[in-house]
Every structure is written in structure tokens, then in C-alpha cells.
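The values are calculated or read from the model by the stated rules, or taken from the named source; none is laboratory data. On a predicted model such as this, the values are computed, not experimentally measured, just so you know. Here the Cβ positions follow ideal geometry from the backbone for every residue, glycine too, while neighbour counts run over all protein chains shown.
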């Protein structure tokens with residue numbers, strides 16, 4: 001299925017193409033959308049990683065995202081670059097096992113920082129003191145343009 005966007009087709013599917021996967025594997029920031037209790041959108045710039053057919057992201061307890069996702073696990077995540085974008089939707093699964101969540105925030109940090117030293121500084125200064133939560137969102141719907 002396609003829709004029009006400024007004369008360009010927007011593809012809507014259930015699976016990621018190889019080109020979309022390659023785009024998502026590049027280091028970019030995502031914007032995660034969740035739903036606030038009053039129905040308004042809550043948008044957050046996030047680190048993420050594509051793991052198979054799932055998007056993995058991580059946050060700390062006490063923030064708005066975990067509250068929203070506990071109430072309504074539906075989420076949308078978009079990654080954009082110039083006139084290309086990939087948006088995925090799905091229902092998240094939370095994992096607040098601290099061994100897993102701390103390992104995942106380290107993995108994400110290395111993906112973005114490319115420096116063990118910088119990762120360790122953040123672990124020591126912040127993350128080890130936080131209750132981290134990892135979310136995995138199976139890709140259930142894909143919207144994209146420019147591919």
C-alpha cells in the first residue's frame with residue numbers, strides 16, 4: 001500500500017526492506033512516540049538499535065516513557081535523514097532486569113559514542129545509579145519514503 005507525500009510515494013508494509021534495515025543500522029537518532037494519559041502525543045529523541053525484526057531502546061524508571069508504555073504499550077518510532085524516513089509501529093515489551101537493562105544501555109552507548117572510555121564514564125556517573133528499562137518493539141507496521 002502507498003500514499004502520497006509531496007508527490008513521493010510513502011510505502012506502508014509489515015516488513016522492513018533491506019534498504020530500510022541498512023538505513024536503521026546507521027547511527028542516527030530516533031523520535032519515539034508514546035501516548036500520554038490525556039491522549040496527547042509524547043515525543044522523545046532516543047538512541048535505538050535494530051535487532052533482527054525488533055527495535056531496542058532503553059530508558060530510566062521515573063521518566064514519562066515508562067509510565068506511558070506501562071499504560072499503553074503501543075509506540076511509534078521514526079528515523080529521518082533529509083528526505084528519507086522510516087517509521088515503525090508496534091507494541092513494546094519491557095525488561096527491567098538490571099543485568100539486561102544495564103548491558104543494553106552500554107551497548108547503545110557504544111553504538112553512539114564509539115568509545116569504551118566515554119561509555120564507562122557515563123556508566124559510573126549516571127547509569128549505574130539508575131533503574132534502567134529496556135524495551136523491544138517488534139516491527140508490526142512500516143512507513144517509509146525515499147527508498
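Conditions tested, residue by residue: (1) more than 17 Å from residue 83 (Cα to Cα); (2) touching a helix residue (DSSP H, G or I) at 6+ places or on another chain (Cβ under 9 Å); (3) in a loop (DSSP other than H, G, I, E, B); (4) modelled with pLDDT of 95 or more.
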{"residue": "16", "(1), (2), (3), (4)": "yes, yes, yes, yes"}
{"residue": "22", "(1), (2), (3), (4)": "no, no, no, yes"}
{"residue": "55", "(1), (2), (3), (4)": "yes, yes, no, yes"}
{"residue": "59", "(1), (2), (3), (4)": "yes, yes, no, yes"}
{"residue": "66", "(1), (2), (3), (4)": "yes, no, no, yes"}
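Of the residues 85, 110, the single one that is closer than 30 Å to residue 17 by Cα and in contact with a strand residue (DSSP E or B) (Cβ under 8 Å, 6 or more places away or on another chain) is 85.
Determine if region 111-125 includes at least one residue that is under 30 Å from residue 40 (Cα atoms) and touching a helix residue (DSSP H, G or I) at 6+ places or on another chain (Cβ under 7 Å). No, the conditions are met nowhere in region 111-125. Just one residue in the set 27, 99, 92 is under 24 Å from residue 131 (Cβ atoms) and exposed (fewer than 13 other Cβ atoms within 10 Å of the Cβ); that residue is 99.
The conditions of being assigned to a helix (DSSP H, G or I), within 28 Å of residue 41 (Cα to Cα) and touching a helix residue (DSSP H, G or I) at 6+ places or on another chain (Cβ under 6 Å) are not met by residue 133.
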